[in-house]
């Protein structure tokens, strides 16, 4: 298993935790040791948008099976943007500053980087 893949696809464990694992079985079992599971044991079944799937495939992920595809003739990347941004903002406010943002300078740097990412439409 390639432990160097970026963790980009969300997976909800059997006990309800949202994780970004490379192995579903390790996530479900909260396993901390290196993964020794086979490909089918690592895989999971869920739904993703083409944006998430393409992003993961570009970074080395592998799709084993496809069960269903929904094709929409029109695509609007802004459809839920304001809704999602509102609730992400509320979550960030409730969570407080991220680790490493202890000083005012750290916080100013963090906000400056977020502003640049938003202007360039590069999202965390």
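Evaluate the following for residue 78: is it more than 18 Å from the chain's Cα centre (by Cα) and closer than 26 Å to residue 5 by Cα? Talk me through it step by step, then tell me what you get.
Details: more than 18 Å from the chain's Cα centre (by Cα): yes; closer than 26 Å to residue 5 by Cα: no.
No, not satisfied.
Restricted to the range 18-42, and to residues that are touching a strand residue (DSSP E or B) at 6+ places or on another chain (Cβ under 8 Å) and either part of a loop (DSSP other than H, G, I, E, B) or not assigned by TED's automatic domain parsing to the domain that holds residue 64 (or both), which residue is surrounded by the most Cβ atoms within 10 Å (Cβ to Cβ)?
Per the criteria, the residue is 21.
Among the residues of the range 47-61, is there at least one that is over 20 Å from residue 12 (Cβ atoms) and not in a helix (DSSP H, G or I)?
Yes, there is a match, as at least one residue in the range 47-61 is over 20 Å from residue 12 (Cβ atoms) and not in a helix (DSSP H, G or I).
Looking at 100, 96, 89 in this structure, which one is modelled with pLDDT of 85 or more and outside the structural domain of residue 38 (by TED's automatic domain parsing)? I'd like the intermediate steps shown before the answer.
Working: 100 fails: modelled with pLDDT of 85 or more; 89 fails: modelled with pLDDT of 85 or more.
After applying the criteria, what remains is 96.
The values are calculated or read from the model by the stated rules, or taken from the named source; none is laboratory data. What you see is a predicted model; the values in this text were computed from it and never measured. Virtual Cβ from ideal backbone geometry, glycine too; neighbours counted across all protein chains shown.
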